[in-house]
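What follows is a set of notes on a single structure, which appears directly below.
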Amino acid sequence: MHNTQDLNPNPLTKKQYFVVSSMLFALFFGAGNLIFPIHLGQLAGAHWVTAGLGFLVTAVLLPLLSVLAISTTHSQGVYDIGAPLGRYFALAFMVLIHLTIGPLFGTPRTATVPFTVGVQPMLPSSWAHGGLLLFSALFFGTAFLISYKQSNIMDMLGRVLNPVFLLLLFSVFFLGFLHPLGAAGSQAVTADYQSASFFNGFLQGYNTMDALAGLAFGVTVVTAIKQLGKTTPRSNGKVTMKAGFLAMTMIGLIYAALIWLGATTLSQFKVSADGGVAFNQIVTHYLGGAGHALLAVLITVTCLTTAVGLVAAFAQDFQKHFPKVSYHTWLAVTCFASFLTANFGLDKIISWSTPMLMFLYPFAMVLIVLSVASPLFKRDPVVYLLSVVFTTVPAFLDMVAAFPPVVSQSTFGQSLGAFQQNFLPLASLGLDWLVPAVVGAILGLAAHFLRPVLAGRTSTSSNQ
């Protein structure tokens with residue numbers, strides 16, 4: 001039974017909405033959100049607008065839909081999004097999402113990015129491994145302390161860390177717009193972005209992991225809004241939607257600025273291996289030696305806010321579904337595991353996270369869209385089942401194709417790749433899951449709406 005009345009019957013103030021939006025922004029905007037848009041701008045060059053629009057679909061619209069999915073279905077986490085497909089699927093989906101954005105890939109990246117981009121350039125090369133070990137230990141120790149008391153999360157993220165990050169980031173933007181490195185619209189375009197810039201930008205948005213994070217952060221967001229007295233599902237969902245829209249609008253504007261900034265760098269720098277190197281070049285160009293210190297602080301602050309959200313969401317969800325282990329124990333487990341993974345280094349983390357993202361993102365997108373539209377078909381499990389079943393094979397093929405060459409270029413990998421390219425539409429664009437998912441959804445909706453008609457006819461004929 002849900003409560004029928006809020007503990008706080010009054011509308012939230014503008015200040016309260018701002019704090020919730022600021023918390024959501026801080027949860028979403030982390031390591032990848034800073035480096036991938038800049039790298040996209042470098043890859044797209046003069047086509048930065050088209051590529052940027054594709055990026056905004058998966059990096060802004062989809063995370064916003066994930067927040068709406070949580071509020072529409074009155075869910076309290078990623079488990080509830082998969083629940084129409086049964087307990088075991090929901091549990092497996094929750095675990096995979098949390099491991100991917102948590103201790104295996106996403107959370108360790110929040111420490112390796114600020115170290116690799118901001119701190120390592122200031123250290124002697126012989127200190128690289130020891131420096132990462134010390135930095136990641138301090139980083140996850142701090143994340144653990146901030147998220148230890150759950151009621152602290154909104155205050156720390158929304159009122160303290162996030163404004164500091166924004167102040168630092170906009171100082172970089174101000175310099176970039178005041179004295180541009182070059183004209184973005186006249187820069188060279190890399191081969192992949194000459195004819196399919198929108199779709200390549202779309203796929204680059206996967207790297208932010210924000211659609212997955214939006215589902216996982218659901219429990220953190222719902223808990224924080226309940227602390228403001230909005231305890232009923234309806235009012236809690238309404239606040240979530242408004243705050244989510246404000247937060248994602250701000251993120252979208254920052255992405256556009258970062259992509260443009262990346263494109264302008266081509267006038268003076270070559271395309272870098274990743275956006276972190278490019279951002280380092282930008283800051284150093286404008287601020288010289290002091291730029292490194294600013295960069296280290298900037299990226300550490302934004303990554304810490306995301307790390308806090310990730311470890312808290314992991315611990316909250318796992319404590320809820322595996323209650324024999326306490327929140328604080330799960331928190332310690334995910335922080336320690338993230339610390340261990342971080343010390344493999346940024347390059348390895350990114351290379352091995354891509355296949356998992358290519359596998360999980362199609363399922364996440366299908367479940368998010370179905371959840372938002374679920375009032376139309378009353379969350380009928382048949383619609384979910386057919387959509388997900390039809391998505392499974394292309395998602396698996398995308399995962400194999402994204403593995404490092406030891407897998408993707410093996411005889412097994414090449415044979416699957418040939419099948420994928422020859423028989424699945426849109427495979428060359430990385431969207432081979434889209435048509436099967438739509439077909440599955442149509443069949444599921446047909447089954448849902450025709451079932452009462454067929455049942456009525458059967459009842460009539462039996463009465464006769």
inquiry  = Can you find, among Thr73, Gly32, Ile97, the residue sitting farthest towards the positive end of the charge dipole of the chain, where Lys and Arg contribute +1 and Asp and Glu -1 at Cβ?
reply    = Thr73
remark   = So, over other residues within a Cβ distance under 14 Å of Leu310, counting Lys, Arg +1 and Asp, Glu -1, the net charge is -1
key: 0 to 90° range, to nearest 10: angle between helix 31-44 axis and the chain longest Cα axis   = 80
query = Expressed as a whole number of Å, what is the distance separating the alpha-carbon centroids of region 22-84 and region 329-367?
reply = 16
request  = Report ³J(HN,Hα) in whole Hz for each residue of region 232-237, in order, from the Karplus equation J = 6.51 cos²θ - 1.76 cosθ + 1.60 where θ = phi - 60°; Gly and Pro get x.
outcome  = 7, x, 5, 6, 4, x
Cα-Cα over 23 Å, subset of Lys230/Lys320; Lys149/Lys320; Lys226/Lys320; Lys324/Lys348 = Lys324/Lys348
query = Quick one: putting +1 on the C-beta of Lys and Arg, -1 on the C-beta of Asp and Glu, what dipole do you get for region 306-387 around its Cα centre, in Debye to the nearest 20?
reply = 200
task = Loop sites only, by DSSP: take the trypsin sites (Lys or Arg not before Pro) in the chain that have at most 16 other C-beta atoms within 10 Å and name the longest stretch containing none of them.
result = 1-148
request  = Enter the angle in degrees (range 0 to 90, nearest 10) between the Cα long axis of helix 62-72 and the first principal axis of the Cα atoms of the chain, meaning the one along which they spread out most.
outcome  = 40
task = Please work out which option in (i) 36, 28, 21; (ii) 30, 29, 21; (iii) 35, 24, 20 gives semi-axes √(5λ) of the Cα gyration tensor in Å calculated from these coordinates, and answer with its label.
result = (i)
ask   = In debye, nearest 20: dipole of the chain around its Cα centre with unit charges on the Cβ of K, R (+) and D, E (-)?
value = 1140
ask   = What number, rounded to the nearest 500 deg cm²/dmol, is the helix-based mean residue ellipticity at 222 nm of the chain, given -39500 (n - 2.57) per DSSP H run of at least four residues and division by all its residues?
value = -23500 deg cm²/dmol
query = Using θ = phi - 60° and the Karplus form 6.51 cos²θ - 1.76 cosθ + 1.60, what ³J(HN,Hα) does each residue of region 425-438 get, whole Hz, x for Gly and Pro?
reply = x, 6, 4, 5, 9, x, 10, 5, 7, 5, 4, x, 5, 5
ask   = Does anyone have the angle between helix 381-402 and the longest principal axis of the chain? Alpha-carbon axes, 0 to 90°, nearest 10?
value = 30
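No lab work stands behind these numbers, since they all come straight from the coordinates. In this text, all values refer to a predicted model and were calculated from it rather than measured experimentally. Methodologically, a virtual Cβ is constructed for each residue, glycine included, from the backbone with ideal geometry; neighbour enumeration extends over all protein chains shown.
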